[in-house]
Amino acid sequence: MPIIVNLDVMMAKRKMSLNELSEKVDITLSNLSILKTGKAKAIRFSTLEAICKALNCQPADILEYVNEKIEEQK
């Protein structure tokens, strides 16, 4: 998938555990885990906003687009 979720990277930079983020954002551990592992098919803007607020970051710090065709050519 061309969208990469870097939630684990931002959590590590902020030294925040999945449990702590779950409590701050009021999202279940299982849903956060699905997002963190890149298995989520979608994310609500309200959820993204809450995560960015809790981690003091921008959406681009969490979500990254990778053009698969360019990666294949490398």
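Pairing each residue of segment 30-51 that is farther than 12 Å from Val5 by Cβ and free of Cβ contacts under 8 Å to residues at least 24 places away in the same chain with any residue that is surrounded by fewer than 15 Cβ atoms within 10 Å (Cβ to Cβ) and of a type in the set (D, E, K, R), provided the two are 6+ apart or on different chains, yields no C-beta distance under 6 Å.
Each row is one residue, and each column tells you yes or no for (1) within 13 Å of the chain's Cα centre (by Cα); (2) surrounded by 15 or more Cβ atoms within 10 Å (Cβ to Cβ).
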site: Ile4; (1), (2): yes, no
site: Lys15; (1), (2): no, no
site: Ala42; (1), (2): yes, no
site: Phe45; (1), (2): yes, no
site: Ala54; (1), (2): yes, yes
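Within segment 9-26, residues that are within 14 Å of Leu48 (Cβ to Cβ) reach partners that are assigned to a loop (DSSP other than H, G, I, E, B) and open to solvent by less than 40 Å² (accessible area, probe 1.4 Å) with beta carbons closer than 7 Å, at six or more positions or on different chains, in the pairs Met10/Cys57.
The values are calculated or read from the model by the stated rules, or taken from the named source; none is laboratory data. Owing to the predicted nature of the structure, the values given are computational and were not obtained by experimental measurement. Glycine also receives a Cβ, built like all others from the backbone with ideal geometry; neighbour counts cover every protein chain displayed. To get the accessible areas, we keep the full protein, side chains included, count just its heavy atoms, and leave off ligands, DNA and RNA. Shrake-Rupley method; radii C 1.70, N 1.55, O 1.52, S 1.80 Å.
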